[in-house]
1. Relative contact order of segment 1-110: what whole-number percent is it, with Cα pairs under 8 angstrom and at least 6 residues apart?
2. At a 10 Å Cβ-Cβ cut-off, how would you order 53, 95, fewest neighbours first?
3. Can you bin the chain into rounded, prolate or oblate? Criterion: square roots of the alpha carbon gyration tensor eigenvalues sorted a ≥ b ≥ c, rounded for a/c under 1.5, prolate for a/b above b/c, oblate for the rest.
4. Lys pairs in the chain, Cα-Cα under 20 Å, at least 8 apart or on separate chains: how many?
5. Report the calculated FRET efficiency for residue 63 and residue 5 (r = Cβ-Cβ distance, R0 = 25 Å), to the nearest 0.05.
6. What 222 nm value per residue comes from the helices of the chain, counting each DSSP H run with n ≥ 4 as -39,500 (n - 2.57) and dividing by all residues, nearest 500 deg cm²/dmol?
7. Taking 0.36 nm per residue of sequence separation and subtracting the Cα-Cα distance, how much length would be gained by fully extending the chain between residue 56 and residue 27, in nm to one decimal?
8. If you rank 49, 94 by fewest surrounding Cβ atoms within 10 Å, what's the result?
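Derivation of every value follows stated rules applied to the coordinates shown; laboratory data play no part. Keep in mind that this is a model prediction, so the values were computed, not measured. Backbone-built Cβ (ideal geometry, glycine too); neighbour counts: all protein chains shown.
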Amino acid sequence: MNQKTLGEFEQVVLLALLRLETNAYGAAIRQLLQREINRDVALGALYSTLERMEKKGLVVSKLGEATAQRGGRPKRFFSVTAEGKAALKHAKQTMDTMWQGVVLTVGGEHA
């Protein structure tokens, strides 16, 4: 089976989508990343990543209802595909394997 390799940012975005479930749209994803991992992400960079992952078959998107608050524009909601979940699982297994037996010392303390 040919596994797609995920970068670190792709992994955190996929995890954000899974955590947000049916409420995974640009601003909500951006807020979750800021709140949970203190990572300030430009919406343009986020959407570029989401579009790239959609082309790879890792996520799918659909348009929600248009709202007056958004000037009549609909939100675009994202969800992780089965292929995206498999790639994420593979990335986790790879990192878990590589961390086995590794002990980091930072300033004399184990990290």
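1. On the way: 109 pairs, mean separation 30.6, N = 110.
It comes to 28 percent, rounded to a whole number.
2. On the way: 53 25, 95 11.
Fewest-to-most Cβ neighbours within 10 Å comes out as 95, 53.
3. Numbers: a/c = 3.05, a/b = 1.66, b/c = 1.84.
Judged from the Cα gyration tensor, the chain comes out oblate (a/c at least 1.5, b/c at or above a/b).
4. 13
5. Values: r = 30 Å, r/R0 = 1.18.
With R0 = 25 Å, the Cβ-Cβ based efficiency is 0.25.
6. On the way: 4 runs with 56 residues, N = 111.
Per the formula, -16500 deg cm²/dmol.
7. Working: separation 29, 0.36 × 29 = 10.44 nm, distance 2.23 nm.
That works out to 8.2 nm of additional length.
8. Details: 49 19, 94 13.
With the fewest neighbours first, 49, 94 line up as 94, 49.
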